[in-house]
Amino acid sequence: MTRILVTGASGHLGRLVVKHLLETGNVPPASIVAGSRDPSKLADLAALGVETRAVDFDKEDALPEAFAGIDRLLIISTDSLDTPGKRVAQHSAAARAAGKAGVKRIGYTSIPKPDTSAISFAWEHRDSEAAITKTGAAHTFFRNGWYMENLFMSVPQAIQTGTWHTSADTGGISYIAREDVARAIAASLAGEQSGNAVYTLTGSRPVFNAEAAALASEATGKPIAVDTMSDENYTAALQSAGLPGFLVDLLVSTNKATRNGDLGEVTDDFKRLTGRDPVRIEDFIPANAGALAG
Ligand SMILES: NC(=O)c1ccc[n+]([C@@H]2O[C@H](COP(=O)([O-])OP(=O)(O)OC[C@H]3O[C@@H](n4cnc5c(N)ncnc54)[C@H](OP(=O)(O)O)[C@@H]3O)[C@@H](O)[C@H]2O)c1
C-alpha cells in the first residue's frame, strides 16, 4: 500500500488536498497520513480513518520518525513570510528528514518561475526546490499560480475606500482557485508517477487588475476606481498605512512581477492532471461576492 503524507494538513490548502485525495481520488483513508504542528486540529480526519502525525519543520530531529514508512510526501510551503529565509530552513529540514526516512517522492508547493520571478520571496521557493532536488528522491514541484482567494485580502479594502491602489497597470495574473490547486495536487499524488515532474498550475487566462476590479464592482454593487501609481508612491502609501516591511516588499514586488508577466503564464497542467477546466474568475467573483464585500 502506497502511503501519502500531507504536511500542513490543518491549513486551507492541506485540508483541501486531503479532501480531494479521499473524495476525488478515492484513496483509502488508511493510505493517507495528515501532518500538522497540532494534530488535535485533525480530529475530523482521524475520525475518517486517516492517520495523523505531529509534523513541525522547526523540530528537525523529530521529522525522520514523522516521515517513517511514507512513500509520497507533500511538503506544503509554510506561511513564515515575516522572516525572510526562514522557509528555506524549514523546507530544507523537511527535505533532509525525508531523505533520511527513505521517502520515495517529495512534492512541494512552489510558485511560477521561482528562478526569475520578481516576487520578494521567490528565492525561498527556488532554494527550497534545490534542497529537495539535493536529496536524490524523485520530486514533483507544484508551481502554484496566484490564488483567487488572495482577492479576499485586497478587494474588501478597495470597496471600503472606493479605490484599488496598484502599481501594476500592465500584465495580468492567471488566478487559480485554491481548491483547483488542491484538486490538481491530489490527482498527482494519487496517480501513476515516474521520474521528476514540474507543474505550473494556473487559471485559463491572465486577468488585469482593472478587469478584476470591474468584476468585483459588478458582483458587489460597489464602485471601485483603479488608481495606478509608481512603485515608489505605492511603497510610500503602504508604509504610511503602517504595513510591516516584509509585507510592503511582498505587495510592491507582486505588482512588479505582474508587470513583468511572472504571474500571467497560462499552462494546461491543471487540465492534464484533473481532466477539467479551471474555475473561471468571472464565476468565482460573483460566487464569493459576500466575502469580497468584506
Ligand atoms: N499561490 C498563492 O497565491 C498563495 C497564497 C497564500 C499562500 N500560499 C502558500 O501556500 C501555502 C499553503 O496555503 P494555505 O492557503 O493553505 O495557507 P495557510 O492556511 O495559511 O496554511 C499555512 C500552512 O503552513 C503550515 N506551517 C506553518 N508553520 C509550519 C511548520 N513550522 N512546520 C510545518 N508546517 C507549517 C501550516 O500547517 P499546520 O498549522 O497544520 O502545522 C499550514 O498548513 C502557504 O503556507 C504559502 O506558502 C500561496
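The values are calculated or read from the model by the stated rules, or taken from the named source; none is laboratory data. Everything quoted here is computed from the prediction, not taken from an experiment. As a convention, Cβ positions derive from the backbone with ideal geometry for all residues, glycine included, and neighbour counts pool all protein chains shown.
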Would you point out the residue of the range 37-69, among those that are closer than 20 Å to S92 by Cβ and small (G, A, S), that is farthest from the ligand (Cβ to nearest atom)? A68
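For the range 1-19: of the residues being in a loop (DSSP other than H, G, I, E, B) and more than 9 Å from the ligand (Cβ to nearest atom), which is surrounded by the most Cβ atoms within 10 Å (Cβ to Cβ)?
First, pick out the residues of the range 1-19 that are in a loop (DSSP other than H, G, I, E, B): 1-3, 7-11.
So of that shortlist, the ones also more than 9 Å from the ligand (Cβ to nearest atom) come out as 1-3.
On the way: M1: 7, T2: 13, R3: 16.
For the range 1-19, the residue satisfying everything is R3.
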Would you check which residues across the range 116-126 are within 15 Å of the ligand (Cβ to nearest atom) and surrounded by fewer than 17 Cβ atoms within 10 Å (Cβ to Cβ) and list them? W123
Which of (1) crowded, with 20+ Cβ neighbours inside 10 Å; (2) in contact with a Lys or Arg (Cβ under 6 Å, 6 or more places away or on another chain) is the odd one out, the single condition L74 does not satisfy? (2)
Go through (1) over 29 Å from K19 (Cα atoms); (2) crowded, with 17+ Cβ neighbours inside 10 Å; (3) β-branched (V, I, T) one by one and return the number of the condition T161 breaks. (2)
Please tell me if N255 is buried (at least 17 other Cβ atoms within 10 Å of the Cβ) and modelled with pLDDT under 95. no
Please find, among E65, E23, E51, the residue that is surrounded by 16 or more Cβ atoms within 10 Å (Cβ to Cβ) and either charged (D, E, K, R) or in contact with a Pro (Cβ under 9 Å, 6 or more places away or on another chain) (or both). E51
So how many residues does the range 148-158 have that are within 12 Å of the ligand (Cβ to nearest atom) and surrounded by 20 or more Cβ atoms within 10 Å (Cβ to Cβ)? 2
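Here is a yes/no grid of residues against (1) part of a helix (DSSP H, G or I); (2) touching a residue at least 12 places away in the same chain (Cβ under 8 Å); (3) under 15 Å from the mean Cα position of the chain (by Cα):
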{"position": "F142", "(1), (2), (3)": "no, yes, yes"}
{"position": "V155", "(1), (2), (3)": "yes, yes, no"}
{"position": "G171", "(1), (2), (3)": "no, yes, no"}
{"position": "I185", "(1), (2), (3)": "yes, yes, yes"}
{"position": "Q193", "(1), (2), (3)": "no, yes, no"}
{"position": "A210", "(1), (2), (3)": "yes, yes, no"}
{"position": "L215", "(1), (2), (3)": "yes, yes, no"}
{"position": "N233", "(1), (2), (3)": "yes, yes, no"}
{"position": "A236", "(1), (2), (3)": "yes, no, no"}
Only one of these is among the charged types (D, E, K, R), within 12 Å of the ligand (Cβ to nearest atom) and at pLDDT 95 or above: K100, K86, K134, K104. Name it. K86
When the range 157-169 is checked residue by residue, the ones that are in contact with a strand residue (DSSP E or B) (Cβ under 9 Å, 6 or more places away or on another chain), aliphatic (A, V, I, L, M) and assigned to a helix (DSSP H, G or I) are A158
Quick one: how many residues across the range 54-94 are outside any helix (DSSP H, G or I) and touching a Ser or Thr at 6+ places or on another chain (Cβ under 8 Å)? 11
Within the range 20-34, can you find the residues that are touching a residue at least 40 places away in the same chain (Cβ under 8 Å), more than 16 Å from the chain's Cα centre (by Cα) and either under 17 Å from N144 (Cβ atoms) or within 16 Å of the ligand (Cβ to nearest atom) (or both)? L21
